[in-house]
Structures are given as C-alpha cells and as structure tokens.
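**Student:** I'd like to ask you about the structure that follows.
The values are calculated or read from the model by the stated rules, or taken from the named source; none is laboratory data. Just so you know, these numbers come straight off a predicted model, no measurement behind them. In this analysis, Cβ positions are derived from the backbone assuming ideal geometry, glycine residues included, and neighbour counts consider all displayed protein chains. Calculation scope for accessible area: heavy atoms of the full protein, side chains included, ligands and nucleic acids excluded. Shrake-Rupley method; radii C 1.70, N 1.55, O 1.52, S 1.80 Å.
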Amino acid sequence: MWKRPWKIKEGFAAGAGILVLGGVIELFAGPVHWEALRFPVNLVVLVAYLCILTILFLLRKRVYPVEWMMHGGGAATASIACCAALTFIMGLTGIDLLESWPFILSYLWMTSIVGLASINRISHFRKKDIPFILNHLGLFIALVAGTLGSPDIHREEITVSEGGSAGTGITVTLHAFRMEQYPPELTLGNDPSERLRIDNGMLGGRLGEWNIEVLRNIPYAGIAEDDSTGYRAWLHPGACCAMEVKASRGTESHSGWVCCGSFLFPPTTLDLGGGESLVMAPREAKEYTSEVTVTSGGKRADGIIEVNKPMRLDGWTIYQQGYDVSMGEWSGISILRAVRNPWLPVVLAGIFMMMGGAIASFLKVSGKRKEGKE
C-alpha cells in the first residue's frame, strides 16, 4: 500500500483516515454550527475554498495526492463510497449527520475531487471535454452553493386570518380562504373501511349487507329549531352536510338522518340495531386556496395560493400549508409557509449544467455510433 500509483486500496484508507480525523475534531470541537456561516461569512469561505483549490491545482506536480485525486479513479470511487455509506446510515437510523465533522469532511473530500477534475479539464480545454466539464462543474456548483447557502435559507410559517395581515420577513394579507370538499361518504360504524360516496344526484347504493336509499340530501344544513332530530337548509358558518336516508336489509329497514357534524353541530348517526350504525364520515378537503396580497421589500403582488401552486415575490416562495382543521370548510384562517433561498439560482444553474452535460454526452455517443455505421 501507498506505492505509486495509488489505487482503490489507498482511496479507502484515505477515506477511513478522513472519518477518524472528523471524529477527533468533533470530540474536541463539537458539531458544526451552520448558522455561523450566514452571509457574508459563507461568501468569504467560498472565496477561500476556491483559492485553496486553485493553489492545490498549481502544486499538482509537486504534491502527488493532489494529482492522484484529479486522475486516479480510486480517490473518486472511495469518496463516493464514504459519502454514500454515511448517507445510508443517516437514512436508515434517522441520525442527523449533517452537522457532524466526519460527514462534512467526507463530502468536502468528494466535492474537492470534483472541483479539481473540473479545473484540470478547463485548463486543458478541448471541445470533446464539454460534456465532462458541464457534468462535473455543474455538480461542483450545486454541491458548494447548496451547502454554503443553507444557512441563508429563511423559513417562516405564517398563520393569517381573513381580513388580517401577518409575517415578519414578508407580509401576507388574507382576503379570502376557500375550500372545496370531496362528496360526502357513508360508512358503517363497525366497519369504516367500506364507504359509499354520494355524488351529486346519487340516490343511494349498497353498503355491506345494507341497501342505502337517500331520501333527502342537504349540502349545507343546520338542526331545525322545531325538530331536534331533523335538519333544514341553512347556509351559514357551521353548516354541515345532512342526509335523510333509509337503510334496508331483507324485511328490516331503518330511516333517519345522518350528518358529519361541524364545529357548531354534533354528528348524527342512524342506529341499525345489533350494534351497527350508519355514519357519515368527516368531510375531507379536496383543495383549498388563499386569496392574498403579498408585500416584501417595497414590492407588492396579488394572487391566489393553492396546494402545489405557490406564489413567488422578491425571492420568496409562499406555499399553502394548512388551515384551521377544527373549523373545516368554514376556516377563516390560512396557514402558509414562506421560504427564501438566495442561493437557489446558483444551485439551479449547476443542475441545468448537469442536464446540459447529460444531453451533450448523449449527442456525443450518438455521433460516434453514426460514424461507426458509416
């Protein structure tokens, strides 16, 4: 071992040494505190890191480990294996290693190999190296920007009421919160796994051994004042879906109301006897939206935020996250999540470079195949 040229054995030995070194550093210095690397500290670290890589590249002829990292496949393979193993352990055990020195040094080793390889190809640029440069340089940019930019990511959960405003780094004014629910579903209280969905105009169906007939369907109902067991149309906050139904099985039949309930009214079930009951399951949200005005840094925009359809302004991305579940459809509160990552454009640039490298590699291989056939 350690006889030139170094190969895979030396690579894994170097990886083991880096893990041990990281463990020793963490033993005496503790874990890495990423919040200390917020801008402009991370920018200073980036400049210093790039200068170090440049100096190492210039000394490659005199320092064999540097030349080995640029040209020896053993270093790249071992570094990837170390990073993959630590990532696998983190995913398998749930232990957060992102602030541990062994994890950080391993990824720094792998990233440095990618960076040195990129610098080497760029310094001896040839047209056929374009796919290699795009892939490796794009990966280097994405890794470095994603890591050093993470302390600058700002996340804020914003809970705002209709007609009100909330937020610190960004201000959100909620004009209206709207929700669309799935059609009501009937189920047996002793077997909730089987459900009968009552779509618009549907008059009934089969549920277990019972034949269900819908006599009346009131989408927005309240308890009738003159009949505590009946419902009437009532379009006000707290209204809930109610159905008058008939459940029959052979010669046995039961009639009455079922209701899913709301924050204002309790649910109503229909007793079928023998420990069975007909229940209307709680309504589930199909989609919900927030009509808002967003203000940040002197900029202002109106828009509608939906699940998986965020709104963007001044580097912020605002997502629809939730609502007041206890109020259901009548929630006057919207829960939003605002995220700002100033380094995201740089990370995306690296990703697009890798995509370009993949396309260039495909075109290069296709071109060689055509030449071979000719």
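**Student:** Compute the acute angle (0 to 90°) between the alpha-carbon long axis of helix 344-373 and the principal axis of greatest extent of the alpha-carbon atoms of the chain; round to the nearest 10°.
**Tutor:** With rounding to tens, the tilt is 70 degrees.
**Student:** Expressed in nm², what is the orientationally averaged projection area of the convex hull enclosing the Cα positions of region 17-63?
**Tutor:** The number I arrive at for region 17-63 is 4.5 nm².
**Student:** If packing is taken as the mean number of other Cβ atoms within 10 Å per residue, what is the order of 275-283, 112-120, highest first?
**Tutor:** The most tightly packed comes first, giving 112-120, 275-283.
**Student:** Ok, one more. Using the heavy atoms of the protein chains alone and a 1.4 angstrom probe, what is the accessible area of region 26-167 per residue in square angstrom?
**Tutor:** 54 Å²
**Student:** Still on this structure: At 1.4 Å probe size, with the rest of the protein present, what percent of the exposed accessible area of region 1-117 is carbon and sulfur atoms?
**Tutor:** Roughly 74 percent of what the probe reaches on region 1-117 is carbon or sulfur.
**Student:** Here's something else I'd like to know. Relative contact order, percent, of the chain when contacts are C-alpha pairs under 8 Å separated by at least 6 residues?
**Tutor:** Value for the chain: 17 percent.
**Student:** For the chain, what is the convex hull volume of its Cα atoms per residue in Å³?
**Tutor:** 278 Å³
**Student:** What's the tally of Lys pairs in the chain whose alpha-carbon atoms lie under 24 angstrom apart, where the two lysines are 8 or more places apart or on different chains?
**Tutor:** Lysine pairs meeting the criterion: 14.
**Student:** Sticking with this structure for a sec: For region 232-374, what does the accessible surface come to per residue with a 1.4 Å probe? Please give it in Å².
**Tutor:** Value for region 232-374: 56 Å² per residue.
**Student:** Give the carbon-plus-sulfur fraction of the accessible surface of region 251-364 in %, rounded to a whole number; probe 1.4 Å, heavy atoms of protein chains only.
**Tutor:** Carbon and sulfur together cover 59 percent of it.
**Student:** Before anything else, pin down the relative contact order of region 175-227: Cα pairs under 8 Å, at least 6 apart, normalised by residue count, whole percent.
**Tutor:** Across region 175-227, relative contact order equals 20 percent.
**Student:** Right, another one. What do you get for the angle between helix 101-123 and the principal long axis of the chain? Use alpha-carbon atoms, 0 to 90 degrees, nearest ten.
**Tutor:** Between helix and principal axis, roughly 60 degrees.
**Student:** Relative to the Cα centre, what is the charge dipole magnitude of the chain, using +1 at the beta carbon of each Lys and Arg, -1 at the beta carbon of each Asp and Glu, and rounding to the nearest 20 debye?
**Tutor:** 3380 debye
**Student:** Using a 1.4 Å probe on the protein chains only, how many percent of the accessible area of region 152-250 belongs to carbon and sulfur?
**Tutor:** Within region 152-250, the accessible surface is 45 percent carbon and sulfur.
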